[in-house]
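Step one of this worksheet: look at the structure below.
Values quoted throughout were computed directly from the atomic coordinates according to the rules given, and no laboratory measurement underlies them. Predicted model only: the values in this text are computed from it and were never measured. Quick reminder, even Gly has a Cβ in these numbers, built from the backbone with ideal geometry, and neighbours come from all protein chains shown.
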Amino acid sequence: MLTFPILKTAAVAQYPAMRYVEFRNQTVRFVDGTEQRYRDASGPLHRWGIRLNALDESEIAAIEEFFAANQGAFGNFAFTDPWDGQVYNNCSLTGETLEVQALAEMCGNTVLTVQENRG
Amino acid sequence: MLIYPQLGTGALSQFPIRKRRTQRTVVNTTADGTSIKLADASGGATQWELTYEELSDSELSALEQFFAAAEGSLNGFVFLDPAGNLLAWSGKLDNPVWTPGPMLSVTGSIVDPWGGTQAWRLANTGNGAQAITQTIQAPSGYLYCMSVYVRSPLPTIATLLLGATRGDRSVNSQWNRIEFAASGDGTESSVSFGLELPAGASVEVSGPQVEPQGAASLYKATTTGGVYLGARLANDTLKITATGLNRHSCTVNIIHADHL
């Protein structure tokens, strides 16, 4: 199983980092205004927005290799939540596109979004 | 086959470089959030946006001639990733892309300069010089820089091979990055890079890298390498701005699709 690459500082993400928790619920609304709600899924799924700046060429290359090894959104990997250190074993990238920009030497940036998969 | 031109400095592009890699996956997401995925391994593409500033007349002329020869997006060409390591499997010297000499033993899992175990030990057990080489489908006349981290318990000489040219570098017991930049003299469509050791030498190596420029940048581990055959210009228009005497700027968009 692949593991999400860490930076040379051993960090996974930089500020500003985003984290989402998503439930899947359905609501049935009746004519009298009352509602009945139920769960569509067994629990929440997590998603992380990772914006990386000031990367050096080795770090960018590692992220590119990781993206290629995953074939974009297809592959699964283990991801360590940078907030609490919990490891989520079944995650994947959400996007099919990885854009990296080298503004100068040792000054690259990119954005990734990781999502937890169910099942 | 056409070849994307280098600038007068030997570099292939200037900062900023924007690179976009795209893959294709068919995803069927069910109501509870479970996903069923189907990969399209050959549906990937890579795009570069190369921004040039302060080009001289001769550099601009080379770009214009190339654009005319490619006829915009019509004809394919060889493109070397300006931000990449051209060698494939740079961290796996036992991969078949590497050709070791018959008397050269290659051993992995050696402690590398970064504290991991990704280095390799090359031991020449023969009576003559032995080399490990990799041949890439790139123009032999380009300016290249080859670099590699080396150390050896006994001082020795390692020779970096770049096509027909050779550069001797001393190796000691500390990790040092040796590099060698040279232009090939031929018009061949492939060029070999390698490291040659004298008889009896044992050298630990890590991070071999080849770049289409005059000096080495930070090491980038690879699997596929940075040579793109069949790349194309993404546009049929080349917009050039003359900002002064002998000073020009333009932007070039290049695309390489795995399925073409």
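A compact globular protein would have a Cα radius of gyration near 2.2 N^0.38 Å; the ratio found for the protein assembly as shown is 1.15. Packing-based ranking of A:85-97, A:20-32 yields A:85-97, A:20-32, ordered from highest to lowest mean Cβ neighbour count within 10 Å. A straight Cα-to-Cα reach below 17 Å connects B:LYS37 with the aspartates and glutamates A:GLU96, A:GLU116, residues fewer than 8 places away in its own chain not being considered. Judged by the gyration tensor of its Cα atoms, with axes a ≥ b ≥ c, the stretch B:99-211 is prolate; a/c meets the 1.5 cut and a/b is the larger of a/b and b/c.
For chain B, the longest principal axis of the alpha carbon atoms and the long axis of helix B:57-70 meet at an angle near 80°. Could you give the angle, 0 to 90 degrees to the nearest 10, between helix A:57-70's Cα long axis and the longest principal axis of the Cα atoms of chain A? Computed tilt is about 40 degrees. Between the listed residues B:THR135, B:ALA181, B:ASN246, the Cα displaced farthest toward the positive end of the dipole of the protein assembly as shown, a dipole computed from Cβ unit charges relative to the Cα centre, is found at B:THR135. Residue ranges B:229-236, B:168-175, B:119-126 sort as B:119-126, B:229-236, B:168-175 when ordered by packing (mean number of other C-beta atoms within 10 Å per residue, highest first). Positive end of the dipole of chain A, charges at C-beta (+1 Lys, Arg; -1 Asp, Glu), about the Cα centre: which of A:ALA11, A:ASN25, A:VAL87 has its Cα farthest in that direction? Of the options given, the answer is A:ASN25. Remark: mean inter-chain Cβ contacts per residue of B:28-37 equal 5, using a 10 Å Cβ-Cβ cutoff to other protein chain atoms.
Rounded to the nearest 20 debye, the dipole size of the stretch B:147-199 about its Cα centre is 260 debye, using +1 on the Cβ of Lys and Arg and -1 on the Cβ of Asp and Glu.
In peptide A:71-77, what is the residue-averaged number of other protein chain Cβ atoms found within 10 Å of each Cβ?
Numbers: counts 9, 10, 8, 10, 4, 1, 0.
Taking all residues of A:71-77 together, the mean is 6.
Measuring between their Cα centroids, the stretch B:185-255 and the stretch B:17-62 lie 19 Å from each other.
Under the rule a/c < 1.5 gives rounded, and otherwise a/b versus b/c splits prolate from oblate, where does chain B land using the Cα gyration tensor?
oblate
Considering every residue in A:61-68, what mean count of other chain Cβ atoms within 10 Å of its Cβ is obtained? Walk me through the intermediate numbers first.
Numbers: counts 11, 2, 1, 10, 6, 0, 4, 7.
If you average over the peptide's residues, the count of other-chain Cβ atoms is 5.
What the phi angles of the stretch B:183-193 give under the Karplus curve with 6.51, -1.76 and 1.60, with θ = phi - 60°, is a coupling list of 9, x, 10, x, 10, 5, 9, 9, 8, 9, 10 Hz, glycine and proline written as x. The charge dipole of the protein assembly as shown, taken about its Cα centre with unit charges on the Cβ atoms of Lys, Arg (+1), Asp and Glu (-1) only, comes to about 700 debye.
Could you compute the FRET efficiency for B:SER183 and A:THR97, with r as their C-beta to C-beta distance and R0 at 41 Å, rounded to 0.05?
Details: r = 36 Å, r/R0 = 0.87.
Calculated value: 0.70.
Classified by the C-alpha gyration tensor, chain A has a prolate form. Its axis ratio a/c, with a ≥ b ≥ c, is 1.5 or above, and a/b is larger than b/c. Most tightly packed first, judged by the mean number of other beta-carbon atoms within 10 Å of their residues, the peptides A:101-111, A:8-18 read A:101-111, A:8-18.
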